[in-house]
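Before any comments, here is the structure.
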Amino acid sequence: MKPEKISDALNHLDEDLLREAEEARNHKVRRRPAWQKWGSLAACLALAVFAGTRLLSSSGNIAEGELPSITIENNEAGAFGYEGYMALDISELGGANPWTEGAKIKTLPVYQNSISYDEQHIASGTDLDKMKSLLLTVAEQMGLDTKTIPITDDTPDEDYIKAVTEKIESVGDTVPEGYFDPSTVIMEGDGIKIEVDRTLTARIDLDPAVELPAEYRFSYGASSEEMKEAADWLSKEYSGLLSGMKKPVLDQGMADRNIYRERSFDTVFFDGSGSLEEQIVNYNFNRVAFYNNDEGKLFIIRVFVPDLSQKLGDYPIISIEEAKDLLLSGNYATSVPCEMPGKEHIAKVELVYRVGAYEQVWLPYYRFLVELPEEFRPEDKELHDFGAYYVPAVEGKYIANMPTYDGQFN
Amino acid sequence: MDDADIVSLYWQRNEEAIRETEEKYGAYLGKIAWNILANREDSEESVNDTYLHAWNSMPPQKPAMLSTYLGKLTRQLSIDIYRRRNRAKRGGSEYALSLTELEDCVSSGSTEDEVEVHLLAEALGQYLRGISPEARTAFLRRYYFMDPLGEIAAGQGFTESKVKSMLYRTRQGLREYLEKEGFSI
């Protein structure tokens with residue numbers, strides 16, 4: 001078969017798939033139309049089998065002072081893309097995680113995600129007031145005149161509402177309540193566009209993109225040191241966005257390689273002040289990220305301030321050795337389509353929260369990076385692929401359904 | 001102007017339809033054509049052909065999503081132009097690059113064992129519905145809209161290297177899926 005055949009076949013895909021990608025190109029929040037559920041039936045069944053990622057709320061009546069038990073599920077389709085990091089050596093993989101293997105931590109907070117999604121990916125729990133408040137804060141930090149620039153939102157136009165309503169009704173369904181409600185609030189002026197979505201992430205688009213002074217390199221090919229220098233300049237230029245941080249710390253991310261051996265370094269700041277527990281929370285949740293375009297200019301900034309108001313409690317944390325025992329017993333979750341290959345393959349461990357928008361409870365996990373067997377190695381045999389295997393870091397008695405590897409990847 | 005009003009103009013055989021289409025979607029269609037052809041004149045020809053095809057197809061067509069409908073036309077017309085002008089060799093455009101990458105999903109086999117495009121499209125749709133929304137969007141942006149990697153990375157909040165890796169894995173997954181579904185790769 002020739003690649004042209006695949007390319008041609010793409011022109012015959014269903015419109016809802018193309019529409020979804022088209023919306024992503026236009027920076028619009030993805031809406032998953034109800035009719036899609038028929039087409040997605042097979043995928044939904046597959047998800048049900050490998051118990052994806054829907055986390056349910058805590059169980060029934062909880063006595064005062066008692067920590068609610070946590071049910072781990074997952075409704076995010078990992079499918080054919082898995083979480084793996086390529087490196088020439090494990091020591092290359094890093095990040096500024098304040099947690100270290102020697103950290104003395106007894107408890108860590110667990111939070112309920114205030115946004116939940118039904119089986120049609122329709123969200124509930126959107127808090128427009130909090131979104132607007134964040135929008136105004138970020139707009140002021142960016143120097144916009146919030147008194148004169150109006151706040152708009154992404155409520156779809158009448159054409160779209162009409163077309164989608166007809167489509168849904170044509171399969172005998174009805175439009176769910178709130179389906180067309182806004183999911184993003186927007187402010188735009190002086191070449192700056194700020195959009196805040198329901199997860200309380202502010203995306204700032206800069207048009208034209210901002211060129212750093214000539215002595216800085218802020219590009220895909222830049223070294224770690226060059227990116228650090230650029231980050232230093234950015235932290236001063238956009239100090240307003242970091243003003244809530246007592247001690248901004250740069251995180252350059254995992255810095256893994258792609259199949260062409262190229263490394264790339266993120267530019268993300270979090271607050272490194274306070275107790276270790278506070279630093280861990282800030283590292284995982286409260287972040288400001290700067291993005292370069294192909295020309296080495298700054299063109300997007302994201303400010304992450306997820307809603308942590310629904311705290312379930314401070315949960316006791318197990319040790320690395322206890323987590324390792326669970327890992328070797330198969331009590332883990334992974335998107336890698338391969339059973340944990342054995343103790344001798346464990347290359348690295350760190351403590352992280354899984355903070356995806358679809359995670360219904362945000363709890364800490366031990367993330368084991370495990371060297372994957374030969375068949376997973378890229379064609380470039382000097383590159384190693386390290387898969388991520390997650391073991392809940394919260395004591396097992398609080399986990400209603402400890403993950404168990406069942407031959408499927410979850 | 002609303003899409004429904006533009007479609008009505010086509011149905012009334014009012015030539016304003018083309019002017020309104022150009023005003024609302026000219027840049028969008030131009031970008032699709034440019035990604036494939038990397039040539040200004042060819043891109044303009046493709047977009048103009050799109051308006052002609054839209055004029056000839058409405059009525060009877062009454063697309064609910066005008067942008068998607070027109071985008072498909074431009075994409076196909078641009079690929080046709082590309083093939084006409086580049087029979088001897090490939091080069092230059094995002095389309096050429098995307099074809100090179102898609103070779104991961106297939107072998108350089110003969111045309112005898114090629115399957116019907118619509119069956120392949122159905123399998124592609126099933127595969128794409130089963131993968132994560134992020135992987136699906138990246139795949140379609142790269143291989144349907146032929147967007148440059150840097151734009152995809154920026155739009156999705158990933159690094160370019162992450163997008164490359166994600167696409168690589170999606171292609172490998174697609175290859176396995178198509179083989180499992182009985183397609184000759």
Pair list, Cβ under 6 Å, 6 or more apart: the range B:4-21 residue over 25 Å from A:Thr165 (Cα atoms), other residue of a type in the set (A, V, I, L, M): B:Glu16/B:Leu9
Please find, within the range A:86-108, the residue that is farthest from A:Met227 (Cα to Cα) out of those that are without any contact (Cβ under 8 Å) to a residue 40 or more places away in the chain and of a type in the set (Gly, Ala, Ser). A:Gly102
Considering only the range A:385-402, I want to know if a residue exists there that is surrounded by 20 or more Cβ atoms within 10 Å (Cβ to Cβ), modelled with pLDDT under 95 and part of a loop (DSSP other than H, G, I, E, B). no
Single match in A:Glu344, A:Glu395, A:Glu321, A:Glu375 (criterion: in contact (Cβ under 8 Å) with a residue 12 or more places away in the chain and of a type in the set (D, E, K, R)): A:Glu395
Contact list please: Cβ distance under 6 Å, first residue in the range A:200-217 and at positive phi, second residue not β-branched (Val, Ile, Thr), pairs at least six apart or on different chains. A:Leu200/A:Leu134; A:Leu200/A:Pro306; A:Leu200/A:Asp307
Read through the list (1) more than 30 Å from A:Lys348 (Cα to Cα); (2) surrounded by fewer than 17 Cβ atoms within 10 Å (Cβ to Cβ), then give the number of the only condition that A:Ala139 fails. (2)
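Could you grab me the full set of residues in the range A:286-329 that are assigned to a helix (DSSP H, G or I) and either of a type in the set (A, V, I, L, M) or crowded, with 16+ Cβ neighbours inside 10 Å (or both)?
To start, the set of residues in the range A:286-329 that are assigned to a helix (DSSP H, G or I) comprises A:320-328.
Of everything in the range A:286-329, those that are assigned to a helix (DSSP H, G or I) and either of a type in the set (A, V, I, L, M) or crowded, with 16+ Cβ neighbours inside 10 Å (or both) turn out to be A:Ile320, A:Ala323, A:Lys324, A:Leu326, A:Leu327, A:Leu328.
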Restricting attention to the range A:240-285, the residues that are without any contact (Cβ under 8 Å) to a residue 24 or more places away in the chain, surrounded by fewer than 21 Cβ atoms within 10 Å (Cβ to Cβ) and assigned to a loop (DSSP other than H, G, I, E, B) number exactly 2
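Within the range B:55-73, count every residue that is part of a helix (DSSP H, G or I) and under 17 Å from the mean Cα position of the chain (by Cα). Explain how you work it out, then say what you get.
To start, the set of residues in the range B:55-73 that are part of a helix (DSSP H, G or I) comprises B:55-57, B:66-73.
Those left that are additionally under 17 Å from the mean Cα position of the chain (by Cα): B:66-73.
The qualifying residues number 8.
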Considering (1) of a type in the set (Val, Ile, Thr); (2) in the same structural domain as A:Ile317 (by TED's automatic domain parsing); (3) without any contact (Cβ under 8 Å) to a residue 12 or more places away in the chain, say which one A:Thr165 fails and leave the rest. (2)
Of the residues in the range B:123-144 that are facing another protein chain (nearest Cβ under 7 Å) and in contact with a Gly (Cβ under 8 Å, 6 or more places away or on another chain), the one that is nearest to A:Lys2 (Cα to Cα) is B:Gly125
Scanning for something in contact with a helix residue (DSSP H, G or I) (Cβ under 8 Å, 6 or more places away or on another chain), surrounded by fewer than 17 Cβ atoms within 10 Å (Cβ to Cβ) and β-branched (Val, Ile, Thr), does the range A:204-224 turn up at least one residue? no
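In the range A:1-26, which residue that is in a loop (DSSP other than H, G, I, E, B) and modelled with pLDDT of 85 or more is nearest to the other protein chains (Cβ to nearest Cβ)? Steps first, answer last, please.
Let us first name the residues in the range A:1-26 that are in a loop (DSSP other than H, G, I, E, B), namely A:1-2, A:11-14, A:26.
From the residues that got through so far, the ones that are modelled with pLDDT of 85 or more too are A:11-14.
Working: A:Asn11: 5, A:His12: 4, A:Leu13: 5, A:Asp14: 6 Å.
This residue is A:His12.
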A:Arg261: passes all of (1) on the phi < 0 side of the Ramachandran plot; (2) more than 17 Å from the chain's Cα centre (by Cα) but (1)
Does B:Ile79 satisfy the condition of being in contact (Cβ under 8 Å) with a residue 60 or more places away in the chain and of a type outside the set (Lys, Arg)? no
Selection from the range B:113-172 of residues that are over 22 Å from B:Tyr95 (Cβ atoms) and either outside any helix (DSSP H, G or I) or within 15 Å of the chain's Cα centre (by Cα) (or both): B:Asp113, B:Glu116, B:Ile131, B:Ser132, B:Gly157, B:Phe158, B:Thr159
So is B:Glu101 over 27 Å from A:Glu158 (Cα atoms), in contact (Cβ under 8 Å) with a residue 24 or more places away in the chain, surrounded by fewer than 18 Cβ atoms within 10 Å (Cβ to Cβ) and away from every other protein chain (no Cβ under 14 Å) or not? no
Can you pull out the residues in the range B:145-168 that are facing chain A (nearest Cβ under 8 Å) and closer than 23 Å to A:Asp14 by Cβ? B:Phe145, B:Asp147, B:Gly155, B:Gln156, B:Met166
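The values are calculated or read from the model by the stated rules, or taken from the named source; none is laboratory data. No experiment lies behind these values; they were computed from the predicted model shown. When we count neighbours, we look across all protein chains shown, and the Cβ atoms used for this are built from the backbone with ideal geometry, even at glycine.
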